[in-house]
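The next block holds one structure in the form of structure tokens; read it before the comments.
The values are calculated or read from the model by the stated rules, or taken from the named source; none is laboratory data. None of the values given here were measured: they were computed from a predicted structure. When we count neighbours, we look across all protein chains shown, and the Cβ atoms used for this are built from the backbone with ideal geometry, even at glycine.
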Amino acid sequence: MPISSTGGLACDTVCIGGCFEPGSYFIVIEPSGPVGSVTCANGNYTVTLDCQPCIPCPECGPAGVAEGEPCPNDPDTFNGGCTAAGVFVSPIECGMEVCGTSWAVPQSSWYNVQDVDVYELVLAEHDSVVWRVHSNVAATISITEPLAGCAGEITWATSYYSAKCESLEVGVCLPPGTYWLKINAYSLPGYCEPYTARVDCYPCSAGCVECPLSGTAIPEGEPCPNYNDQYNSGCYSYPPSAVHVHCGDTICGSSYHHDLPDWDFYEVTITSRDTLTWCVTADFDVAASIMMAYTSCTSPVIYTQGTAPACVPLCLSICLDPGIYWLTVLPTNSADFGSPPACKEYVASVNCAPCPGGQTCIYPDLDFDPANDACGFNNVQLTCTDTICGEIVQGPVPDDDWYTFEIPAGTPCQRVLMNVYGNDTPGFFPFAQGLDPAIQLYAADCTTLVGQDNNGGFGNDALLTTTCLTPGWYHIRVAGVLNTVGPYVLSITCFPCACPPPCPYQSRDFEPANDACSTAPAEFICGDTLCGEILLGPTVDQDWYLFFVFGPNCQRITLDVFANGTPGYYGYLAGLDPVVELWDAACTTQIALDDNSGIANDSRLVSACLSPGQYMVRIAGVGGSTGPYVFSADCHDCPCNTNCPYPDIDIEPLNNTCTANNPLIACSDTACGEISQSIPGTPPDQDWYSVLVPSTGCYSLIIDVHANDDPAFTAFGGGLDPNIWLYAADCATILEFDYDSGIGSDARLTSGCLQSGLYNFMIESNVGTSGPYVITVTCQPCHCPCQFDCDASLPSEGEPCPNLFGPPFNEGCNSTPPTFSSISCGDQLCGTSWAMGGSRDTDWYEFTLTAPRRIQWRVRAEFPYEMSILHPVPDCSLMQSVAYATGFACQSKQIIRKCLPPGTYYLYVAPTVYNGYSCSDYQMRLSCGKCFVIHVVIHKDATGISLNWEPDDTEPVYYVHRSTRPDFEPSDQTVIGTTTEPFFRDDQALGDESERYFYVVTMYSPEVEIP
């Protein structure tokens, strides 16, 4: 009977081995090729024999004490710990060695009762307990502390999962008490597997944390370690979990830090306005926090947090309104837990007491309604460092509270922080009492707004940070947003700052006369440098200026606006993000615009060549920004001829629609055209052209529309903001589009790889602009796009393509509300997607599993794509990525999940690019199978062994593993064959009735084409 065998090709080196009992053995070497393939001339070989001691499995030493349990022993009333019949343990003492056995009893075809042996150790003083086990089968061991009445156990230390004959060891420093030393061995039914175990004790110093489980002290209740932590891990478990505690509780907890820290969450409810105090002392460096209890897990609100080193108490206190809160404990240093990591203790307490000052504000109430409802110098005067109370009250008109504020003359300039604590800031009296506050700071005239804020503080509370203020009088206004009312606390803090120097240039910003084009009195000339300011006020400020090109020459003007972004100029870092615009004399046609071509986000406008005449300039703030600026103008003569030097092929009105007679443009051509001003009651102008892709291969078209923003072309400054659309020869199928990928807001369209033939493109205006343009067309050779035919018998995704302007179809979490297509196990479908104009189509499919399933999702597409399985927790607000893959165009990809838990999942597929692919096909299939191959039927006959099992819908490759050991781990060395069918024939028959084979069938799914 062969004990071990192997084979190889000619010139291979092969090895064979095994662990053998004493005796005589034969080594057989024979050729495996056909008759005549080996002769004495080429049949040489060499052999080496190397003998080493076998890996020792447990042998009971002479000092070993027999466990004494029958084998098997179900139900286990010997030393099984807490059982339905009572508590059963075997006593053990420090220095004692035990020789025992483990067993298993089958309860069903898929479940065995495993023997758990529990030894009880009683310590009279602090000892470091080391528990060592050597088992003939895979096992885990642990040290726990039993709670009275079998109410649970505190796990002090546990081992990793071991392989057969490996030694296991765990250790931990323990205080006096009763402990259980446990062995979980994984035997097969019908076998009594031996093990040896030994416990040793060494004196150790007591930790800084002593947590007797008495009085109001309660155990955390979490096993330690708890690798798949779903116990009290807050939003790190699904659903979110926390241990409920009450004011006055003391918690005895344990923690662990291996690859991830053990984060413990406790939940407390307070029914009155209380100061919540959370104290933690730990045998490790610790972080703690008090935070809002939440279930959506999207935006945590932490009220207070802190850290402390090991053995140093950490206490956090904060005044909170009635509600539900989470208290957390988190280890911060993995080195505290040793190697291998051991569990360590902490003790925590939660206490509640009335907030200081009870239900009233503890600061002076200087809100003398209705005397301070209007701006004036009779209101209460505030200074830096003041903190006061006030209230926005309900009334027939909205309440305003005004205060005066002084930076005394002769003192440094100040940057002022004004906090208004209202409804959202915990720890202050107004918390949760309704007011959403706003604050405004005015100059002494009560009309010039210096600064304002309504949500810069905590939540929606207000925090105003001013620019550097010069000494003088100011007025503060506090009000409620959207007529909210309630108490508030106003706190003022000041920081000295360098007073801003005055602008060194003349100001012609004559407010408010220059707020409109028609009344602008300020003229500038080339070479001027001026000062101005976009003011913060009830209306949006804008500054208009006029200038002349006097002639006879034309001029190109450069306008610089130096503001927040340009160092060295007045206005640097003062807040203004400027935009500058050039208009005609009537202020009806915008000639040019710039908002960010200067340094940082400052503006630099370079105009086209301007004819003699009057022009207007407008300066404003982007996004409502305000602040000072420096404005300079520089002019240079230029030729007045602005005629386009290229052929004008814009034949109006013949090319206003797509026809077979549209002007034809070829690769490398440059041509001129113009989008005419719209006439009321008529359609806007559109210019259509045809372009011919050469027959010498596939090409990508690059079509530039040089218009208002490209100074290298004559259309520069002409006013047109162009769009461009590329269509197939049918004038209806959109292939690509672009709005502003060129210089400034000009358009540059880059198509995908196109087959030879005729295509059409259309140029139109964006937002009603008009003016000349120059077209340039470039053709770049490319690899012809891949194509495949989606099976016409399969159902369609059903979304229009491209769906540029229709309602959201299956955009998933990218639309509001989210939209999904449904898919079920076994479904196949054909879909379409696109990537054009910097946008792409994303398709989302939703499916639900009611039981654990093996998942195979296959995709093939005509475009480069990404595919992902996502799990909502519990909705689009938080997504967990289950799996992700990408594929090239026409490449098949699949995602396999060996065992996906029950729940709702999303399948997401989209192009990985944003341009170059018009409507393109993809095909997908979702298959669901079993997590594992179970119920393998084995039949032995005279010539071999047949294995049969149920087929799996995911069509995997089955790997058949065999061993003579019942507890073997499947590996590459145990594979005896593969098959794609749910059956296998093993032709190596058993030698005699004393020999047994054990089989394991695993599943593997390679990358394959969609059938």
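Quick rundown of the values:
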| read-out | value |
| --- | --- |
| Lone qualifier among Pro653, Pro628, Pro645, Pro683 - being assigned to a loop (DSSP other than H, G, I, E, B) and in contact (Cβ under 8 Å) with a residue 40 or more places away in the chain | Pro645 |
| Filter result (in a strand (DSSP E or B), crowded, with 19+ Cβ neighbours inside 10 Å and not aromatic (Phe, Trp, Tyr)) within the range 315-344 | Cys319, Leu320, Leu327, Thr328, Val329, Leu330, Pro331, Lys344 |
| Filter result for the condition that a residue is assigned by TED's automatic domain parsing to the domain that holds Gly575 and touching a helix residue (DSSP H, G or I) at 6+ places or on another chain (Cβ under 7 Å), over Pro521, Pro512 | Pro521 |
| Evaluation of Lys344 against (1) over 21 Å from His244 (Cβ atoms); (2) at pLDDT below 85 (one fails), failing number | (2) |
| Residue count for the range 948-978, restricted to those that are out of contact with any Lys or Arg (no Cβ under 9 Å at 6 or more places or on another chain) and assigned to a strand (DSSP E or B) | 9 |
| Yes/no for Ile743 being touching a Phe, Trp or Tyr at 6+ places or on another chain (Cβ under 7 Å), surrounded by 16 or more Cβ atoms within 10 Å (Cβ to Cβ) and not acidic (Asp, Glu) | no |
| Residue count for the range 697-717, restricted to those that are among the small types (Gly, Ala, Ser), surrounded by 22 or more Cβ atoms within 10 Å (Cβ to Cβ) and over 30 Å from Cys919 (Cα atoms) | 2 |
| Count of residues meeting criterion [more than 32 Å from the chain's Cα centre (by Cα), in a loop (DSSP other than H, G, I, E, B) and over 19 Å from Thr360 (Cβ atoms)] in the range 412-436 | 1 |
| The one condition in (1) of a type outside the set (Asp, Glu); (2) within 24 Å of Pro802 (Cα to Cα); (3) more than 39 Å from the chain's Cα centre (by Cα) that Ser741 fails to fulfil | (3) |
| Boolean, Ala409 is on the phi > 0 side of the Ramachandran plot, assigned to a loop (DSSP other than H, G, I, E, B) and not acidic (Asp, Glu) | no |
| Residue match in the range 392-411 (condition: among the polar types (S, T, N, Q) and surrounded by fewer than 14 Cβ atoms within 10 Å (Cβ to Cβ)) | yes |
| Those residues of the range 107-129 which are in a strand (DSSP E or B), modelled with pLDDT of 85 or more and surrounded by fewer than 21 Cβ atoms within 10 Å (Cβ to Cβ), in sequence order | Val113, Gln114, Val116, Glu120, Val122, Leu123 |
| Within the range 562-612, strands (runs of 3 or more DSSP E) holding 2 or more residues that are modelled with pLDDT under 90 | 578-584, 590-594 |
| Residue count for the range 143-174, restricted to those that are among the hydroxyl-bearing types (Ser, Thr, Tyr) and touching an Asp or Glu at 6+ places or on another chain (Cβ under 9 Å) | 3 |
| Evaluation of Ile476 against (1) aliphatic (A, V, I, L, M); (2) assigned to a loop (DSSP other than H, G, I, E, B); (3) not assigned by TED's automatic domain parsing to the domain that holds Asp634 (one fails), failing number | (2) |
| Which listed residue, of Cys526, Cys446, is part of a loop (DSSP other than H, G, I, E, B) and in the same structural domain as Asn419 (by TED's automatic domain parsing) | Cys446 |
| Any hit, the range 892-900, residues being touching a Gly at 6+ places or on another chain (Cβ under 8 Å) and over 30 Å from Tyr727 (Cβ atoms) | yes |
| Flag if Tyr227 is among the hydroxyl-bearing types (Ser, Thr, Tyr) and under 22 Å from Pro146 (Cα atoms) | yes |
| Index of the failed condition, Ala851 passing every other in (1) within 30 Å of Glu955 (Cβ to Cβ); (2) at pLDDT 90 or above; (3) assigned to a loop (DSSP other than H, G, I, E, B) | (2) |
| Residue match in the range 154-174 (condition: surrounded by 18 or more Cβ atoms within 10 Å (Cβ to Cβ), touching a residue at least 40 places away in the same chain (Cβ under 8 Å) and over 44 Å from the mean Cα position of the chain (by Cα)) | no |
| Number of the condition not met by Leu546 [criteria: (1) buried (at least 19 other Cβ atoms within 10 Å of the Cβ); (2) assigned to a strand (DSSP E or B)] | (1) |
| From the options Val882, Val873, residue that is without any contact (Cβ under 8 Å) to a residue 24 or more places away in the chain, surrounded by 15 or more Cβ atoms within 10 Å (Cβ to Cβ) and not assigned by TED's automatic domain parsing to the domain that holds Val957 | Val882 |
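Per-residue answers, yes or no, for (1) among the acidic types (Asp, Glu); (2) at pLDDT below 95; (3) assigned by TED's automatic domain parsing to the domain that holds Tyr759; (4) surrounded by 13 or more Cβ atoms within 10 Å (Cβ to Cβ):
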| residue | (1), (2), (3), (4) |
| --- | --- |
| Asn643 | no, yes, no, no |
| Pro653 | no, yes, no, no |
| Asn656 | no, yes, no, yes |
| Thr659 | no, yes, no, no |
| Ser668 | no, yes, yes, no |
| Pro680 | no, yes, yes, no |
| Asp685 | yes, yes, yes, yes |
| Tyr689 | no, no, yes, yes |
